[in-house]
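Take a look at the structure below.
What follows draws every value from the coordinates through simple rules; no lab data is involved. The model shown is predicted, which means the values in this text are computed figures rather than measured ones.
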Amino acid sequence: IEAQAQGRGVLLYREADLQKAAEISAMLRDLRAALADDDLSLVYQPKLHVPSQTILSVEALLRWRHSSKGWISPEVFIGLAEQTGLIADITRWVVRRALRDQTWLVEAGNSVTVYLNLSGRLLADAAFCAWILETVREFDHCALGFEITETAVIDDPEHALANLQVLVDAGLKIAIDDYGSGLSSLAYLKQMPAHELKIDKMFISTLTSSHRDPLLVRSTIDVAHALGMEVTAEGVETAGALALLRVMGCDHIQGYLVAKPLELSALSDLLGDKDFGASFARASSPFKL
Ligand code: C2E
Ligand code: MG
Ligand code: MG
Ligand code: MG
């Protein structure tokens, strides 16, 4: 009986697996079609430079609205695309679209650095990085940066570090994304030619309610500054968190307190609103460190 039950378990497991595999391949097929039909879009989330209360950079985030399933999170479809060659095609689309949008912003009088998320697999690919350089050269107003995770470097340090240097030498900016959520190896941090370190929102969302997070965030800011990097806090949702981050010397904040990810026209309006940053100046700090 047990053998029979086990046999059946295996069978059920395999059926579930097959169904899952079919779902994944259907989703990849739809994603490929969305890319071909230009059904993907970019939204832009600003980062507020705390000392000057101005927006100096934005992060492009990919959006996909599936015709029957509705909005699908990039955490889901990027993960799938990374398991196939599709991530390269998607990222080429993202780079071109971001450069086109940036040109439009510059022409409207709004210059900002645009950061794109770059998958580890592509960072390790010298040919892909060469394609990035060729493409940015076609644009006069290009001020592009790439957000990469530490994992991207740890998975293939030799190629990733070499390619990072190539991107930096070409004048592109590098930010380390989601810092603190992975291995956070100081050994890799010291080798990474990065301009900016982004502290993961898991430390920011509980910043004013936990004892340890403020200590970890403050020391991370100090380490990054000592290495010559600027710091962005991700996922800032409250004025209290901003007040604390300001005292700690955090350079930029990003999160719903400043703005949600915006469509290009809404971003342009926000960048054109010269009073926007002033609303963040009043939050004077009740904190002493
Ligand atoms: P990420 O790069 O760490 O992006 C930050 C995520 O946090 C975004 O989710 C953003 O909408 C969300 N977020 C921003 N502010 C707040 C806040 O105040 N509170 C909360 N709770 N969340 C906030 P999103 O857009 O769903 O993106 C998720 C992830 O998908 C990104 O994480 C990034 O890893 C990946 N991704 C998005 N677009 C691309 C892309 O073009 N290429 C690649 N390779 N990955 C992308
Ligand atoms: Mg990012
Ligand atoms: Mg992030
Ligand atoms: Mg993330």
For region 230-242, Karplus-derived ³J(HN,Hα) couplings (6.51, -1.76, 1.60; θ = phi - 60°; whole Hz; x for glycine and proline) come out as 7, 10, 10, 9, 8, x, 7, 10, 10, 5, x, 5, 4
Normalised by the empirical 2.2 N^0.38 Å for globular proteins, what value does the Cα Rg of the chain take? 1.11
Is the C-alpha gyration tensor of region 1-132 telling us rounded, prolate or oblate? Criteria: a/c under 1.5 is rounded; beyond that, a/b larger than b/c is prolate, otherwise oblate. prolate
Extension gain Ala278-Lys69, at 0.36 nm per residue separation less the Cα-Cα distance, in nm? 71.2 nm
The distance between the Cα centres of region 63-120 and region 172-186, in whole Å, is 20 Å
Comparing Val43, Val168, Val76, which has the greatest mean-square fluctuation in the GNM of the chain with Cα pairs linked when under 10 Å apart? Val76
Straight-line reach from Lys20: which lysines have Cα under 26 Å away, leaving out those fewer than 8 places along the same chain? Lys69
For region 150-159, what does the Karplus curve 6.51 cos²θ - 1.76 cosθ + 1.60, with θ = phi - 60°, yield as ³J(HN,Hα) per residue in whole Hz, taken in order and with x for Gly and Pro? 4, 4, 4, 7, 5, 5, 8, x, 4, 6
Amide hydrogen neighbours beyond the local backbone of Phe146, cut-off 5 Å, H modeled: Leu116, Lys173, Ile174, Ala175
